[in-house]
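In what follows, a single structure is set out as structure tokens and then discussed.
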Amino acid sequence: MAKIVDGYFFALKILIAACLAAMVVLVFGNVVLRYGFNSGITVSEELSRLFFVWLTFLGAIVALRQHGHLGMDSLVAALPRAGKTLCFAVSHAIMIYVTWLLLQGSWDQTLINLDVAAPATGLSMGLFYGSGVVFGVSALAILAVNLLRALAGRLSDGELIMVKDSEEQAELEGVQHATAGRTPPGKAA
């Protein structure tokens, strides 16, 4: 099962890179054509917007799995394990509810716009709202698994704190974890 999940997230990363590459080609190509040849790619703006929306939602899924979202951990870090577990459970219950609302709204909008054609490309506008459906389903699965693991007591104290105050602090802790047990440079063993 872990291989399937890892494969899914690897595929998401590939899709994110493909969306970014397509956006760069479309926008840069359109600029060159407009200024250099007084022409342009008609569908460039519409496709770039579609790729950007998908890139954003897919990136949010990957960040949610890797606990890459920023937040405030000062209060939760000071709590005992029971308090951390309670905060974790409450925050995840709220996130599950909000994600369910997003999924429900995205699903409704996808169905409403399936037969609506985009003006330049003619693609279904359901593709635009489908990104919310993919995000909602994936995020619900991630959040539910995390919540069940917490309620079963299978998370460490560090895992109960899902966010860090800053990227620098998270990076520092990663470096400290990677060098744990090693003698610092310049010090004798």
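Rank 146, 38, 30 by mean-square fluctuation in a GNM of the chain with C-alpha springs under 10 angstrom and give only the top-ranked residue. Comparing 146, 38, 30 in the GNM, the peak value goes to 38. For residue 28, the accessible surface of its heavy atoms amounts to roughly 140 Å² (probe 1.4 Å, protein chains only, rounded to the nearest 10).
Counted over the range 9-54 with a bin width of 10 Å, the fraction of Cα pairs per bin, in whole percents, is 29, 44, 20, 6, 0.
Size of the range 20-91 from its Cα atoms: along the principal axes, largest to smallest, the extents are 66, 17, 14 Å. On the beta carbon distance between residue 149 and residue 18, with R0 = 30 Å, the FRET formula returns roughly 0.40. Within the listed set 52, 37, 88, the Gaussian network model of the chain (springs between alpha-carbon atoms below 10 Å) gives the highest mean-square fluctuation for 37.
Think of each Lys and Arg Cβ as +1 and each Asp and Glu Cβ as -1; about the Cα centre, that makes the dipole of the chain roughly 480 debye. Two tests apply to each whole DSSP H helix in the chain, Cα reach of 30 Å or more along its axis and mean Kyte-Doolittle hydropathy of at least 0.5, and the ones passing both are 2-37, 44-65, 81-113, 126-151.
Relative contact order of the chain, taken over Cα pairs closer than 8 Å and 6 or more residues apart, is 24 percent.
Positive-end ranking of 89, 160, 176 along the dipole of the chain, with charges on Cβ about the Cα centre, is headed by 176.
Rounded, prolate or oblate, given the Cα gyration tensor of the chain, with a/c below 1.5 counting as rounded? Oblate shape, in that a/c is at least 1.5 and b/c is the bigger or equal ratio. Of 78, 144, 18, the residue with the greatest mean-square motion in the GNM of the chain, using alpha carbon springs below 10 Å, is 78.
Of the solvent-accessible surface of the chain, computed with a 1.4 Å probe and all protein chains present, 69% belongs to carbon and sulfur. Just to be sure I understand the curve: with the Debye formula and one point per C-alpha of the range 106-151, what is log10 I(q)/I(0) at q = 0.32 Å⁻¹? Log10 I(q)/I(0), no solvent term: -1.00.
The values are calculated or read from the model by the stated rules, or taken from the named source; none is laboratory data. Owing to the predicted nature of the structure, the values given are computational and were not obtained by experimental measurement. We place every Cβ from the backbone using ideal geometry, glycine too, and count neighbours over all the protein chains shown. Calculation scope for accessible area: heavy atoms of the full protein, side chains included, ligands and nucleic acids excluded. Shrake-Rupley method; radii C 1.70, N 1.55, O 1.52, S 1.80 Å.
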